[in-house]
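Novice: Have a look at the structure that comes next, please.
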Amino acid sequence: MRRMALQRLRSVGGLARSLFIYWRPGRQRGLQRLYQPFIQPGAAAFDIGAHLGDRSAAFHALGAKVIALEPQPDLAKWFKRLVRPTSITLLPMAAGPTEGFADIAISPGNPTLSTLATEWREQIGERNAGFSQVRWEQRLRVPVTTLDTLIEEYGEPSFIKIDVEGFEAEVLAGLSSPVAALSVEFVSGALEVNHSCINHLSRLGEYRYNIVAGEQRHFCWAEWQTPQAMTEWLNAGAEALPSGDLYACRSDHRLLQNNVHNNIHNNV
């Protein structure tokens, strides 16, 4: 009984920290500026690992038809409290390489760090000091779908956000067509996950890449990078950044075309 009470207390503390990080004043404006080039009003946008729904809220504000996946019941309840539009589809599911069921490991003190990636979970604490105190003490059996299945049901998305704590490559393995744009989280100590993501995307089509460091809301580079350049950046240690998001744009994306036009205009 005492152990359950302590876990519940840690969960409340973890949620409070996440609420401050993801829903602090002014954050939504920054997220909407970041995602505006990717969101096509009326088109689908997938939020894989929706957590407390801050990205879903930004996608919806920009006019997207939002499909959000969050398998944790406690986080899904908070999602519904914080993200009120009834037009958002919230699915109590995870995404992976195949449809079925899987066990998600939940950290009561850090519920947004819960994961389906067993090997990642076992090693990340030794590789990244930020995870050294994280304990995944709960398990929950959850249904798993694939990106291909979601696309078949809801249409091709203009953007996919994937933040699933080391399971990003497995989620992308369930995608067999080159979507317009997406993001995957990167974490120091587990950059092999992002190598796998880039390799899979290169098999699907031609992409260019950029990054957002930590919870910032702007891109680090003025120029979008080739797969080779991104691979070299990851091999060099990703500038020792603790975490962030790796963004991929298909080579025909309007954002890349605008960059080319602006560069030509500036050089004239």
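Novice: Carbon and sulfur together cover what percent of the accessible area of the stretch 180-264 at a 1.4 Å probe radius?
Specialist: On the stretch 180-264, the fraction of accessible area on carbon and sulfur atoms equals 50 percent.
Novice: Note down the magnitude of the dipole of the chain about its Cα centre, charges +1 on Lys and Arg C-beta and -1 on Asp and Glu C-beta and zero elsewhere, to the nearest 20 debye.
Specialist: 1320
Novice: So, one more: Mind giving me the FRET efficiency for ALA236 and ASP74? R0 is 41 Å, r the Cβ-Cβ distance, nearest 0.05 is fine.
Specialist: 0.60
Novice: If you don't mind, there's one more thing I want to ask. Choose one of ALA44, THR115, GLY130: the residue whose Cα lies farthest towards the positive end of the charge dipole of the stretch 1-160 (beta-carbon charges +1 Lys, Arg; -1 Asp, Glu; about the Cα centre).
Specialist: GLY130
Novice: Hey, in the GNM for the chain with a 10 angstrom Cα cutoff, which one of ASN235, ASN258, ASN110 fluctuates hardest?
Specialist: The residue with the greatest mean-square fluctuation here is ASN258.
Novice: At 0.36 nm per residue, minus the direct Cα-Cα distance, what do ARG203 and THR226 gain on full extension? Give it in nm, one decimal, please.
Specialist: 6.9 nm
Novice: Could you list the GluC sites (Glu not before Pro) in the stretch 207-244 that lie in coil according to DSSP, counting only those with at most 16 other Cβ atoms within 10 Å of their Cβ?
Specialist: Sparse-neighbourhood loop GluC sites (Glu not before Pro): GLU215, GLU223.
Novice: Rounded to the nearest 0.05, what FRET efficiency do THR149 and GLN123 give with R0 = 41 Å and r taken as the Cβ-Cβ distance? Could you check?
Specialist: The value I calculate is 0.90.
Novice: Using only the Cα atoms of the stretch 141-216, what are the Rg and Dmax in Å?
Specialist: Answer for the stretch 141-216, Rg first and Dmax second: 12.6, 36 Å.
Novice: Share of antiparallel DSSP beta bridges in the chain, in percent to the nearest 5?
Specialist: Close to 55 percent.
Novice: Keeping all protein chains in place, calculate the accessible area per residue for the stretch 58-106 (probe 1.4 angstrom), answer in Å².
Specialist: 47
Novice: What are the radius of gyration and Dmax of the chain, computed over its Cα atoms and given in Å?
Specialist: According to the Cα coordinates of the chain, Rg and Dmax are 18.1, 72 Å.
Novice: Now for a separate question. Could you give the nm distance between label points at ARG17 and PHE219, where each point is 7 Å from its Cα heading toward the beta carbon?
Specialist: 3.2
Novice: Most fluctuating residue of ILE21, ILE48, ILE124 in a GNM of the chain with Cα springs under 10 Å: which is it?
Specialist: Highest fluctuation among the options: ILE21.
Novice: Give me the percent of Cα-Cα pairs in the stretch 89-209 that sit more than 17 Å apart, rounded to a whole number.
Specialist: 57
Novice: In whole Å, what is the distance between the alpha-carbon centres of the stretch 180-255 and the stretch 95-141?
Specialist: About 22 Å separates the Cα centre of the stretch 180-255 from the one of the stretch 95-141.
Novice: Still on this structure, I have one more. Given Cα pairs under 8 Å that are at least 6 residues apart, what percent is the relative contact order of the stretch 43-160?
Specialist: In percent, rounded to a whole number, it is 30.
Novice: What value, in deg cm²/dmol to 500, does the helix sum -39500 (n - 2.57) over DSSP H runs of n ≥ 4 give at 222 nm once divided by the residues of the chain?
Specialist: Helix-only estimate at 222 nm: -12000 deg cm²/dmol.
Novice: Can you tell me which of TYR209, TYR247, TYR22 moves the most in a GNM of the chain? Springs connect C-alpha atoms under 10 Å apart.
Specialist: TYR22
Novice: Follow-up. Over the stretch 128-268, with the other protein chains present, what is the accessible area per residue in square angstrom, probe 1.4 angstrom?
Specialist: 46
Novice: Let me ask you something else. Tell me the carbon and sulfur percent of the accessible area for the stretch 6-127, rounded to whole percent, probe radius 1.4 Å.
Specialist: Result for the stretch 6-127: 55 percent of the exposed heavy-atom area is carbon or sulfur.
Novice: Please state the charge dipole magnitude for the stretch 141-268, taken about the Cα centre, from unit charges on C-beta atoms (+1 on K and R, -1 on D and E), reported in debye and rounded to the nearest 20.
Specialist: Computed about the Cα centre, the dipole is about 280 debye.
The values are calculated or read from the model by the stated rules, or taken from the named source; none is laboratory data. Here the structure is a predicted model, which means the values were calculated and not measured. FYI the Cβ positions are ideal-geometry reconstructions off the backbone, even for glycines, and counts take in every protein chain you see. Remember, those area values only see protein heavy atoms, side chains included, never the ligands or the DNA or RNA. Shrake-Rupley method; radii C 1.70, N 1.55, O 1.52, S 1.80 Å.
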